[in-house]
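Beneath this line is the structure, given in structure tokens, with notes to follow.
The values are calculated or read from the model by the stated rules, or taken from the named source; none is laboratory data. Model, not experiment: these values are computed from the prediction. Neighbour counts are summed over all protein chains in view; Cβ atoms, including those assigned to glycine, are modelled from backbone coordinates with ideal geometry.
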Amino acid sequence: MGAHYTQLLVHDSNAERCANVLRELRRTAVVIPAEGEVSVICDQQSETQNIDVIDSLALTVCVRLKCAVVALINNDDDWLAFRFFDNAEFCGDLITGHTPFSLRGSIFRLRRLTNPHAPLLALFLTFLAPVIFQTQRHGRLIPILGLPPRSLGVGFDYISTGRVRGAFDKNGLIFT
């Protein structure tokens, strides 16, 4: 069984603002502060990978913070999915599996909503390269999209139970 986690990638919003919204919503979550322009929310309820729960939270965060939100879902390391929310609405998705033939959706939109300055060729090559585990693809995307490195392969369940890679640094994480 592979990795199984969800995240919300919140563009252009600081971690404390994200945490305040989660507290207002009475959500149990962990916020990984941005090291570039993207903070990462790991929400407890979203870990069930119920699309309705994930979409509802992503849209709410998008509306309340007035910024783009991308929901990331790693399903058993077989599928890596991104669901896009911008201007207070769902605006598409991107889904990939083990091979380039499984790729569906807009790489351009992922780039625009997370890091408009990301090198486009590197982004395309990352999605076209076959991988065994989607955590590998996620790891390759982190430096390209400017995501916090410690967001690799983690969701709420992994962080809260301590089942994380090696020397995972919990300093600066915000728990709600």
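Out of the stretch 158-176, which residues are surrounded by 15 or more Cβ atoms within 10 Å (Cβ to Cβ) and either touching a Leu at 6+ places or on another chain (Cβ under 8 Å) or on the phi > 0 side of the Ramachandran plot (or both)?
I159, T176
Mind checking whether some residue in the stretch 93-107 is under 20 Å from V10 (Cα atoms) and acidic (D, E)?
yes
Of these, L25, L80, L8, which one is hydrophobic (A, V, I, L, M, F, W, C), touching a helix residue (DSSP H, G or I) at 6+ places or on another chain (Cβ under 8 Å) and over 18 Å from T96 (Cα atoms)?
L25
For the stretch 136-165, what are the residues that are within 17 Å of V70 (Cβ to Cβ) and polar (S, T, N, Q)?
Passing the criteria: only S151.
Being out of contact with any Gly (no Cβ under 7 Å at 6 or more places or on another chain) and more than 16 Å from F84 (Cβ to Cβ) is the filter; apply it to the stretch 1-18 and report the residue that is modelled with the lowest pLDDT.
Ranking the candidates gives M1 first.
For the stretch 86-113, which positions are of a type in the set (S, T, Y) and under 21 Å from L59 (Cβ atoms)?
Matches in the stretch 86-113: S106 only.
Residue-by-condition table, conditions (1) within 15 Å of F90 (Cβ to Cβ); (2) out of contact with any strand residue (DSSP E or B) (no Cβ under 8 Å at 6 or more places or on another chain); (3) touching a residue at least 24 places away in the same chain (Cβ under 8 Å):
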| site | (1), (2), (3) |
| --- | --- |
| L8 | yes, no, yes |
| S13 | no, no, yes |
| V21 | no, yes, yes |
| A29 | no, no, yes |
| V53 | yes, yes, no |
| A58 | yes, no, yes |
| C62 | yes, no, yes |
| V69 | yes, no, yes |
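Somewhere in the stretch 78-97, is a residue within 25 Å of K170 (Cβ to Cβ) and of a type outside the set (S, T, Y)?
Yes, because at least one residue in the stretch 78-97 is within 25 Å of K170 (Cβ to Cβ) and of a type outside the set (S, T, Y).
Can you tell me which residue is farthest from S39 (Cα to Cα) among those in the stretch 102-129 that are in contact with a helix residue (DSSP H, G or I) (Cβ under 7 Å, 6 or more places away or on another chain) and not hydrophobic (A, V, I, L, M, F, W, C)?
T126
Filter the stretch 1-11 down to the residues that are touching a Ser or Thr at 6+ places or on another chain (Cβ under 8 Å) and either part of a helix (DSSP H, G or I) or surrounded by 17 or more Cβ atoms within 10 Å (Cβ to Cβ) (or both) and list them by number.
Answer for the stretch 1-11, where residues must be touching a Ser or Thr at 6+ places or on another chain (Cβ under 8 Å) and either part of a helix (DSSP H, G or I) or surrounded by 17 or more Cβ atoms within 10 Å (Cβ to Cβ) (or both): A3, T6, Q7, L8, L9, V10, H11.
Do the conditions hold for V21, that is, is it of a type in the set (A, V, I, L, M) and either within 13 Å of the chain's Cα centre (by Cα) or at pLDDT below 95 (or both)?
No; evaluated as a whole, the condition is false for this residue.
Taking the stated definitions as given, is R140 of a type in the set (D, E, K, R), without any contact (Cβ under 8 Å) to a residue 24 or more places away in the chain and touching a Ser or Thr at 6+ places or on another chain (Cβ under 7 Å)?
yes
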